[in-house]
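Undergrad: Got a structure for you, questions after.
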Amino acid sequence: MANAAEVVQKIRSDLSAIDEEIRRHPYLDAIQVGTVPTEALKSFAGHQYHIVTSDLRSIAFIIQRFGHPPARDFFIGILQGELAAIGRIITMAQRLGMTEEDLKSYEISPGGFAYATFMAWQSAYASAAEFTCGILVNFDAWGFNCGCMSKALRETYGFSSEETAFLDGFADLPPFEEEAIEIIQHGLDNGVEPKAIHRGARLFQGYEKMFWDTMAQVAGVKMV
């Protein structure tokens, strides 16, 4: 029987290259030196508003599918985090001169919304183990980038801590590895294939990078 901790370790090792590309993305470098126009930051807020509202539905749906231990409390915690994120992204957008109506009407791009689309697919078709591993692996890189962006927005663009709370909420997530491993192990014990778990995590990371690539394109950041 496959061991969940070993499966996750192998996935992280296999995805280390793209993880590094996400964490060292040129978009973050550009924000740190202030070369991303404030107008272009609206794209981040606009996309994230639609991503969060979509993810809320996705997570609610997967709770409906797996609303029992060991996954229930973990997914409920993720749902609560997304609920908090909605108000915070609105506050961030207000700093950029956007209302919630502006966010609702913002025209998202395929590359910027692909992550949320895949999460919706996962919520409908994937096992709890696949979904959880994807979140576990992805949130490390996403949280790291949120922390870098938050720091840059405060130091370079003059944002307040309240206006970066959306980013800080993801950057400062409490550890959830132990809960996630339990869910993944339960899946493995009940016939979920390690390769399916690996595939889900790989695609989550690929769509994550696609998001940052899209932000860079909108901002006119040159990709190395």
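Undergrad: Taking the radius of gyration and the Kirkwood hydrodynamic radius from Cα positions alone, what is the Rg/Rh ratio for the range 1-87, to two decimal places?
TA: Details: Rg = 17.6 Å, Rh = 16.1 Å.
Rounded to two decimals, Rg/Rh equals 1.09.
Undergrad: Under the rule of -39500 (n - 2.57) per DSSP H run of 4 or more residues, summed and divided by the residues of the chain, what mean residue ellipticity at 222 nm is obtained, to the nearest 500 deg cm²/dmol? Please report the intermediate quantities before stating the final value.
TA: Numbers: 11 runs with 174 residues, N = 224.
Computed mean residue ellipticity for the chain: -25500 deg cm²/dmol.
Undergrad: For the range 102-191, what is the Kirkwood estimate of the hydrodynamic radius, computed as the reciprocal of the mean inverse distance between distinct Cα atoms, to one decimal in Å?
TA: On the way: mean 1/r = 0.0653 Å⁻¹.
Its Kirkwood hydrodynamic radius stands at 15.3 Å.
Undergrad: In what sequence, largest accessible area first, do 29, 213 appear using a 1.4 Å probe?
TA: Details: 29 80, 213 45 Å².
Descending order: 29, 213.
Undergrad: Within the range 6-31, whose backbone N sits under 18 Å from a point 7 Å along Cα→Cβ of residue 144?
TA: Taking a point 7 Å out along Cα→Cβ of residue 144, the residues of the range 6-31 whose backbone N falls under 18 Å are 8-31.
Undergrad: Taking only the C-alpha atoms, wrap a convex hull around the range 147-213 and report its volume per residue in Å³ as a whole number.
TA: Numbers: hull volume 6.4 nm³, N = 67.
Spelled out: Cα convex hull of the range 147-213, divided by residues, is 95 Å³.
Undergrad: Here's something else I'd like to know. Within 11 Å, Cβ to Cβ, of residue 21, how many net charges do the neighbouring residues add up to if Lys/Arg are +1 and Asp/Glu are -1? Walk me through the numbers on the way to the answer.
TA: Working: positive: 23, 24, 209; negative: 19, 20, 208, 213.
Around residue 21, the charge tally is -1.
Undergrad: Just subtract the alpha-carbon distance of residue 100 and residue 178 from 0.36 nm times their residue separation and send over the number in nm, one decimal. Kindly include the intermediate steps, with their values, before the conclusion.
TA: Details: separation 78, 0.36 × 78 = 28.08 nm, distance 3.66 nm.
Stretched out fully, the residue 100 to residue 178 stretch lengthens by 24.4 nm.
Undergrad: While we're looking at this one, here's another question. At q = 0.17, 0.20, 0.27 Å⁻¹, what log₁₀ I(q)/I(0) does the range 48-117 have when each alpha carbon counts as one equal point scatterer in the Debye sum?
TA: Each listed q corresponds, in turn, to -0.67, -0.84, -1.16.
Undergrad: Counting only heavy atoms of the protein chains, get the accessible area per residue of the chain (1.4 Å probe) and round it to a whole Å² value.
TA: Dividing the accessible area of the chain by its residue count gives 46 Å².
Undergrad: Still on this structure: On a 0 to 90 degree scale, rounded to 10, what angle separates helix 177-189 from the longest Cα axis of the chain?
TA: The angle comes out near 40 degrees.
Undergrad: Want the number for residue 86 to residue 20: 0.36 nm per residue separation, take away the alpha-carbon distance, what's left?
TA: Net length gain for the segment: 21.0 nm.
Undergrad: Which part of the range 189-219 falls in the paramagnetic zone of residue 1, meaning amide N under 11 Å from the point 7 Å along Cα-to-beta-carbon?
TA: Under cut-off, by backbone N: 189-191.
Undergrad: Could you compute the net charge surrounding residue 138? Neighbours are other residues with a C-beta less than 10 Å from the C-beta of residue 138; K and R count +1, D and E count -1. Please list the in-between numbers first.
TA: Numbers: positive: none; negative: 19, 140, 208.
Net charge in that neighbourhood comes out at -3.
Undergrad: Would you give the gap between the C-alpha center of the range 92-119 and the C-alpha center of the range 168-214, rounded to a whole Å?
TA: Between the Cα centres of the range 92-119 and the range 168-214 lies a distance of 23 Å.
Undergrad: Where is the GNM fluctuation largest for the chain (alpha-carbon springs, 10 angstrom cutoff): 97, 46, 87?
TA: 97
Undergrad: Which angle from 0 to 90°, rounded to the nearest 10, does the C-alpha axis of helix 110-125 make with the longest principal axis of the chain?
TA: Between helix and principal axis, roughly 20 degrees.
Undergrad: What ratio of Cα Rg to 2.2 N^0.38 Å holds for the range 1-159? Working shown, then result.
TA: Details: Rg = 17.0 Å, N = 159, 2.2 N^0.38 = 15.1 Å.
That works out to 1.12 for the range 1-159.
The values are calculated or read from the model by the stated rules, or taken from the named source; none is laboratory data. Keep in mind it's a predicted model, so treat the numbers as computed, not measured. Using ideal geometry, Cβ is built from the backbone for each residue, glycine included, and neighbour counts are taken over all protein chains shown. For the accessible areas, the whole protein counts, side chains as well, though only heavy atoms, and no ligand, DNA or RNA atoms are used. Shrake-Rupley method; radii C 1.70, N 1.55, O 1.52, S 1.80 Å.
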